[in-house]
Every structure is written in structure tokens, then in C-alpha cells.
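Encoded as C-alpha cells, the structure appears first; notes follow it.
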Amino acid sequence: MKSQEVRKQFLDFFASKGHLIVASAPIVLKDDPTLMFNNSGMAQFKEYFLGNATPKSNRIADTQKCLRVSGKHNDLEDVGFDTYHHTMFEMLGNWSFGDYFKKEAITWAWELLTEVYKIPKENLYVSVFEGSAEENVPFDQEAWDIWKELISEDRIILGNKKDNFWEMGDQGPCGPCSEIHVDLRTAEEKAAVSGKSLVNNDHPQVVEIWNNVFMEFNRKADGSLEKLPAKHVDTGMGFERLCMALQGVTSNYDTDVFTPLIEKVSQITGAKYTSNEVANVSEPQDKTNIAIRVIVDHVRAVAFAIADGQLPSNTGAGYVIRRILRRAIRYGFTFLDIKEPFINQLVAVLANQMGEFFPEIKLQETFVTNVIREEEASFLRTLDQGLQLLDKVIADTKEALPSEGLGRISGAKAFELYDTFGFPKDLTALILKEKGMSFSDAEFDNSMQAQKARSRAASEVSTEDWSVLIPGNVETFVGYDQTENEVKITRIRKV
Ligand code: ATP
Ligand code: MG
Ligand code: MG
Ligand code: MG
């Protein structure tokens, strides 16, 4: 089943159960001090749960563009190394605002997975909240009893607060949840460990696909829980993971969500991707495959963030986007050996693939392409020199520590890479980690403070140093500030 059809069937199913289908909220949040990006389907409905606003319908379903790269839900470190965590992903969701509760939510989830999508029942596991004395929330007997009617008890697993008590952030609506996991192991693999019940993370092919959250509480700023005025349902299913389960593949990257992007990368760079690789974070992997996965993942996050109005910049959400893109650029440069901007060419593929459902990407295809191309060109201007400096620093450090061989480079050098060559701190950390090395955060921060003090002293810096790329073209993107530290504004000039 093609991904377009998978998405449509989800929305059709919940429409048939009386749900109003709404559009995804933008990926970037502008007015929520507790959250930078939409990290889940429920974020846009938070006020409904809290009882501060009334929804258009008490049953809603949609697919939400999510980004998990900061705050409580941050998967960035895993992306590219496993085959089912993305920076940006779609979360299919259905909601009840004070309407139906556990019985309908669980029964419909099961009906959709096993009767509409026809996932074999013997490939599914579920988990139920075991309770927490610390939070004074009991074992979820009600969910257990509902599941018991649908699935054999040895496939119902108890989960702790970490996995089965869902929270959007440090504050906000929360509650016990019941997750559904799909087991994509081969028959031989299953036989080899028969009798042992598996949950997510025990094996890379046993993957959580859907979380059904029963919202009953609000986490207050002081950390305590209070009862919400009503009980709600909030579910989230990973669209790309569902496509993996339905397309008979063992990696999200082998679904039609990613294959056109991977083909384009191969076409541009000549690099070959190994399909159906079962990547495991804890084992060494082929660097080319990792690089390709990182690039096709990251371009989606960056392209959709820009299409939603968040340009790469030096502060806040904009810097998160810039960091993600620079991470992808460096993977292409080092492991695919591409020294020219090329990631921007993937935007056309994305617009073609997703533009029908998400018109924002189609409508702003040229703009997004130009922003990414300009970002690539800018970082590529300093990347090579920065990497050479880093190599030298690593070699010098090794010389200084001949017996240990490995070690920490100076935080001041990491800062120099940031300041002079535009290396985000986490990129330097990632490159060092590949060599089993690190740097001191405190030293980095000290250098940063010293630099800020210097720049405050010389605050008469001009910010008008950006250039017009396409003169005479009205309302066209023309470039934006490139300097790393002085300029905090990102802007577009109409010419
Ligand atoms: P995991 O344990 O795999 O990290 P999660 O428990 O953090 O997932 P939830 O917060 O429960 O995820 O989100 C609901 C669903 O969204 C998950 O069941 C999963 O299918 C999907 N999902 C979560 N994080 C990601 C991600 N980084 N990339 C792709 N899909 C994701
Ligand atoms: Mg997670
Ligand atoms: Mg989980
Ligand atoms: Mg979960």
C-alpha cells in the first residue's frame, strides 16, 4: 500500500467514526513558551484538554508534522543510526475531547490495524501502564481489561512511567498510555528467541507504532499532577513506521516516503544505499548508509520548517534548523564526498511527493530550495578549512596523550570552530565522537562568554553585509545574514 493511501485510509477510518478531519498545524510554534516545535499531534489541542478553549468538534483526526530535536522529546542523536526515528515525521492522530474514552479508542485502534490495514494479529504487542506510587497513579486495569478481549494476555506487557505515562513537555496535559508495537522479525528470528516476550528497543525490528494516551492530568510548573476537568483521548501513530509495517520492509527508509529521496541522492552523488539494512544503534554501520539516511531525513525537517516560516538563523528555533542542515551538509561532504551544494535539489522531490497533501511545500518550493542552497554554499565555504583545523587539533591532542591515544580537545578550539568556521557545537561533538573523543563544554562556554564580552565592547558592527542574489525579481528570496555571532536577525528583502 502506497504511503498516500495509508494516510488516506487512516483519515477515512476516523471520519467514518464521526471525527472532523483537520489540517496539520505548522511545525514551528510561535506562541508557546514551553515548546519550540510541534513534537506531537496533541500540541495544537493543548488548550482543549486544559479546558481553556472549545474545539469545533469533540472528535478530531489529522496527520501532524512533528519535529523531535529539542526539549523533552529529542531523537536527533538516533537519526540515521536506527531506521525508525526521524527528526521530522508525521503523526497520525485521533482525539476525543471529553467524548469517548479507553473502550472506543482501543477497539478502533485494533480494528484499523487488523481489519483495515490487515496487520497479522500475531505480529502485534501492546503495553499498559503498570502504575506509579510516586505519582499516585494506579495500574491501568481498565485498559488491561479492554485489551484482554482483543489479544492474548502474553502479548500485553506492563510498562513503567518512562514508556507508559505520556507527557508533552515538563508541563501540560498528560496521562497513562497504551502502546502498540509491531514485530517485523523473520520467522527464524522469532523462533530463535521463542517464549521471550519482546517490547520496543529489545530488538530493532520490534517497533512501537501507535500510542493511545488517556489524558486525565495536567503537570503543573511545580511538578505536581492535577486532575483535568474532563477525560480525553489523544493518540499518535508514526506514519513512516506504519508504512514500513504495511510495505513489507524492515526500515522506514525503504518505504516510498524515502525511496524517491534516496534515489535522487544516489543519482547526484553516485553513492549506493543498501536497502533493508537492519540498523542497530549499538553496532558499527556503513558510513555511506548513515550519511544517506541523515540527509534524506534532515532535508524534510529543514524544508518543512522553512515552508512554515522558520528560516535558519543564529538563535532559537532558527539555529536548531541551521544545526540540522549543517549536520546533513557535513555528512554529505565527508562520507559522500560532495563538495558542492546538492541537498537543495531534494526539495523538488519532496514537493512532488508531498505537495498534494501539504501544499505549503509545493507553493514555496523555489523559496525553500534557494534558502537551503544558500545555507549549503555558506557552510561549504568554511567546512573544509574547519575540518582541517579539527584534524590537526585531534592529531596534536593524540600527540599530547600518546599513551591513551584518545582524549579531549580543548573547548576553546571547539569554540574557534564555531566562531570562525560556523561549526555548531553539537556537530563538533559528533565528529569527535566518531573518533571516540570529546571536548569540555565548560571551556567552550567560557570562550563564548569572553567573545560576547569583546563583541559588546565593539557593538557598532554593521549588519548590512548580505547580498542580493536575484536582482530585479520582486518578492524573491535574496539571502540573509551569514555571520555567526554578531547578527541575530534573519530577514528577507523584497527587491
Ligand atoms: P519511541 O519509544 O520509539 O521513541 P515514543 O514513545 O517516544 O517512540 P510517542 O511519543 O509515544 O513516541 O509518539 C507516538 C508515535 O509517534 C510513536 O508510537 C511512534 O510511532 C511515532 N514516533 C515517535 N517518535 C518518532 C520519531 N522520532 N520518528 C518517527 N516516528 C516517531
Ligand atoms: Mg521517543
Ligand atoms: Mg516509546
Ligand atoms: Mg510512545
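Some points to look at:
- Among residues of segment 231-247 that are in contact (Cβ under 8 Å) with a residue 60 or more places away in the chain, those with a beta-carbon under 6 Å from a residue that is among the β-branched types (Val, Ile, Thr) and within 15 Å of ligand 3 (Cβ to nearest atom) at least six positions away or on a different chain give the pairs 234/213; 237/209; 238/209; 241/207; 241/209; 242/209; 245/182.
- One residue stands out in segment 228-267 among those that are of a type in the set (Val, Ile, Thr) and modelled with pLDDT of 95 or more: the one that is surrounded by the fewest Cβ atoms within 10 Å (Cβ to Cβ), namely 259.
- Conditions (1) over 30 Å from residue 7 (Cα atoms); (2) surrounded by 17 or more Cβ atoms within 10 Å (Cβ to Cβ); number of the one not met by residue 384: (2)
- Any hit, segment 27-48, residues being under 26 Å from residue 219 (Cβ atoms) and more than 23 Å from the chain's Cα centre (by Cα): yes
- Residues located in segment 211-263, provided they are hydrophobic (A, V, I, L, M, F, W, C) and part of a loop (DSSP other than H, G, I, E, B): 221, 249, 257, 258
The values are calculated or read from the model by the stated rules, or taken from the named source; none is laboratory data. Nothing here was measured: the structure is a model prediction, and the numbers come from that model. Virtual Cβ from ideal backbone geometry, glycine too; neighbours counted across all protein chains shown.
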